[in-house]
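The values are calculated or read from the model by the stated rules, or taken from the named source; none is laboratory data. Just so it is clear, the structure is predicted and the values come from calculations on it, not from any experiment. No Cβ is skipped: glycine too gets one built from the backbone with ideal geometry, and neighbour counts run over all protein chains shown.
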Amino acid sequence: MMLTSIENKVRNEGSEGYDISRIVGEILDGWKVILSVCSIFLMLSICYVLFSTPVYKASAILQIEQNQGNAILNSLNQILPDSQPLTGPEISIIQSNMIASRVVSDLNLQTSIEPDYFPIFGRGWDRLFGVKRGSVEISDLFIEGTTTKNPQKLILTVIDKEHYKVEINDEEINGVVGNALISEGLTIKVDKISANVGATFVVKYLTKLRAANDLLNNLDVADQGKDSGILRVTFTGTDQNKIENILNKINESYVNQNVERQAAQDTKSLEFLKNQLPEVRNELDVAEDKLNEYRKKKDSVDLSLEAKSALDQLVNIDNQLNELTFKEAEISQLYTKEHPTYKSLLEKRKTLQQEEDTLNKKISSMPATQQGVLKLSRDVESGRAVYMQLLSRQQELNIAKNSAIGNVRIIDSAIVGVDPVKPNKILVVLMGLVIGLILSIGLIILRNALRIGLVSPQQLEDEGINVYASIPESTWLKRNIKNRSKGGHNSGDKNHALLAIDNPADMSVEAIRSLRTSLHFVMAEATNNILMISGSTENAGKTFVSANLAVLSAQAGKKVLIVDADMRKGTAHNLLGVEIKNGLSDILSGEKKLESVINRLENYNLDFITRGKIPANPSELLMSDRMQEFIEEIKSKYTLIIIDTPPVLSVTDAEIVGAYCGANMHVVRYDVNTLKEILLSRSKFQKSGSFLTGCVLNGITRRSSRYGYSYGYYGHNYSEVPD
């Protein structure tokens, strides 16, 4: 066939792979699925936006100033002149359990109180409709058995402003506001009730670790810029007032610990100086005595200018080394020897020691008397400088300890944004659409990948089965049936649309005309003029094809008889507008003669025999001698006889009728009937002694992913030319 060969060529060209154009076509074909799924996800995302609890963010700004430490560390900038505040350790301190635990204790965050909302939607429903459930203040709570993973809870019901009821472990206990309620495994003190009578609240008791972890999960600290020393601290939550109080308390606790840490450092330094001062003073006295004795012994020897210069340099180096010693004592409490600050200190000490060695070599070339005086003078001057330095720093530390302010200050206290940060309504809705789109496309691709119905004549011809026509689905008929259903008509209506008469220019009718032409040559070579129209399953469209083919054949001038041989569920009488009175079953049972059951349809110019009354044994009637007599009688009176049979895979009637027919045309429903069903039908015909002449692919839908019927002249509509 020309149409089949064209489609075969097209299919062969596109069968090399599951190309992009085919995928795009399948997606376009599934626009209804995409629209439905996207609509569902859109509604879900809108419901989420409406009912989810808004999350707000409170933010504050802290400044970490250059760490003054104490007087001993005041000159660290001489070692690291470009040093900046180290914000990394400070961020870790803010996010530590030490700070979180302080806040939990100060604000009683181990006690969680929430109204007893309806699950999932209750909180959002109350918010949307402005329902206020009030509040309860609890200052003391303990429930035995609470763990970090499984906090214990109770239900508190308001009796009146001064009384309440607690339900825990299937036990009810009444309490009074302001008085501690102590029971086995339970301690609770309600300070205030601001709720209506009958209001219920869910009260949970969290461990301190669980409460601290929950707090830290909502806390975020970020450096505002590299080495800027400015930190932005943020805290998120659903209660605007609560998160503001929590963030302010976090900042306060951090600043307090910073001051405490500074004071502790000063205290340690004072203790160190208190121990060192007596020793240094004693060493200074000893050095002075030795110098005086040496001068008396040598008759008051004076130093030369060169020796005085060397002495000044040595004393200066000793002073710097002493300062480094003090700094090292303090730094060793803060850093390890691998820290850059500690390394820099050690490098400076090494440099000073090298300078000292150079001066000592120079002094060694001086006279012995000069060397002796210089050495003793050096001990006195160095000891005096150290002693005075320690006294000065002791005073500085006392002042610093009594006026410690730390190196942290709050630039901006907690400020809560007016608009919630979560959920992002636009983003959530867009994500819902994207997820719906992705899921629907996935479903379409999966559905098409699992598709087993026949979608091309080539699939049948590959098995040696000829395809005589490809009939597209009639959109006009589909719309007509839908409109009639809305109007209250049913499938048994006599005025049911017959497409070949009601819309002769329809593409489906054109395809059946093509079938009529093909059958003209087939019937010319057949053993008789009887054509059986069969199908593998119900709803293949064999009755539709039979009725319209009969009408078109009659219009071509043939004397046509159509017989409804489906004596169980035949519906050809509905399509042709004939009432069931007498029919084939009456003839085969011997109750009626042929002439009395033939219905002459003048409008269609053909004769029709209905199925008749539903018999108890249709198959036996078809195998009877009367069936053979009936066939012999009618085939001599008509040019073309079309017999509409029941589904092949359901009953054996079609196999029996097939033995009397010269041709057997099998109707295959597009994308419904499978190749396996067709092959099984052909096998059943062969076993019964009949054969399958060919197939008609019916109900092809226009799809972007398939070639369907969009080839040849079927791509155009015919219309009558007005006179």
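Tabulated data
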{"item": "Qualifying residues in the stretch 171-182 (those that are surrounded by fewer than 16 Cβ atoms within 10 Å (Cβ to Cβ) and touching a His at 6+ places or on another chain (Cβ under 8 Å)) - the one farthest from Met98 (Cα to Cα)", "result": "Asn174"}
{"item": "Within the stretch 333-359, considering residues that are part of a helix (DSSP H, G or I), polar (S, T, N, Q) and without any contact (Cβ under 8 Å) to a residue 12 or more places away in the chain, the one surrounded by the fewest Cβ atoms within 10 Å (Cβ to Cβ)", "result": "Gln354"}
{"item": "Those residues of the stretch 631-659 which are within 25 Å of Gly557 (Cβ to Cβ) and buried (at least 21 other Cβ atoms within 10 Å of the Cβ), in sequence order", "result": "Leu640, Ile641, Ile642, Ile643, Asp644"}
{"item": "Positions within the stretch 547-560 being over 13 Å from Ile512 (Cβ atoms) and either in contact with a Gly (Cβ under 7 Å, 6 or more places away or on another chain) or surrounded by fewer than 24 Cβ atoms within 10 Å (Cβ to Cβ) (or both), in sequence order", "result": "Gly557, Lys558, Lys559"}
{"item": "Test set (1) aliphatic (A, V, I, L, M); (2) more than 26 Å from the chain's Cα centre (by Cα); (3) at pLDDT below 90 - Leu28 fails condition number", "result": "(2)"}
{"item": "Within the stretch 104-121, considering residues that are out of contact with any strand residue (DSSP E or B) (no Cβ under 7 Å at 6 or more places or on another chain) and in contact (Cβ under 8 Å) with a residue 60 or more places away in the chain, the one farthest from Thr207 (Cα to Cα)", "result": "Phe121"}
{"item": "Which listed residue, of Glu328, Glu323, is of a type outside the set (A, V, I, L, M), within 60 Å of the chain's Cα centre (by Cα), at pLDDT 70 or above and farther than 10 Å from Ser377 by Cβ", "result": "Glu328"}
{"item": "Residue in the stretch 583-602 that is crowded, with 19+ Cβ neighbours inside 10 Å, in contact (Cβ under 8 Å) with a residue 60 or more places away in the chain and of a type outside the set (D, E, K, R) present", "result": "no"}
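Residue-by-condition table, conditions (1) in a helix (DSSP H, G or I); (2) of a type in the set (Lys, Arg); (3) touching a His at 6+ places or on another chain (Cβ under 9 Å):
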{"residue": "Leu552", "(1), (2), (3)": "yes, no, no"}
{"residue": "Leu561", "(1), (2), (3)": "no, no, no"}
{"residue": "Ile580", "(1), (2), (3)": "no, no, yes"}
{"residue": "Glu591", "(1), (2), (3)": "no, no, no"}
{"residue": "Ser596", "(1), (2), (3)": "yes, no, no"}
{"residue": "Tyr604", "(1), (2), (3)": "no, no, no"}
{"residue": "Asp607", "(1), (2), (3)": "no, no, no"}
{"residue": "Gly612", "(1), (2), (3)": "no, no, no"}
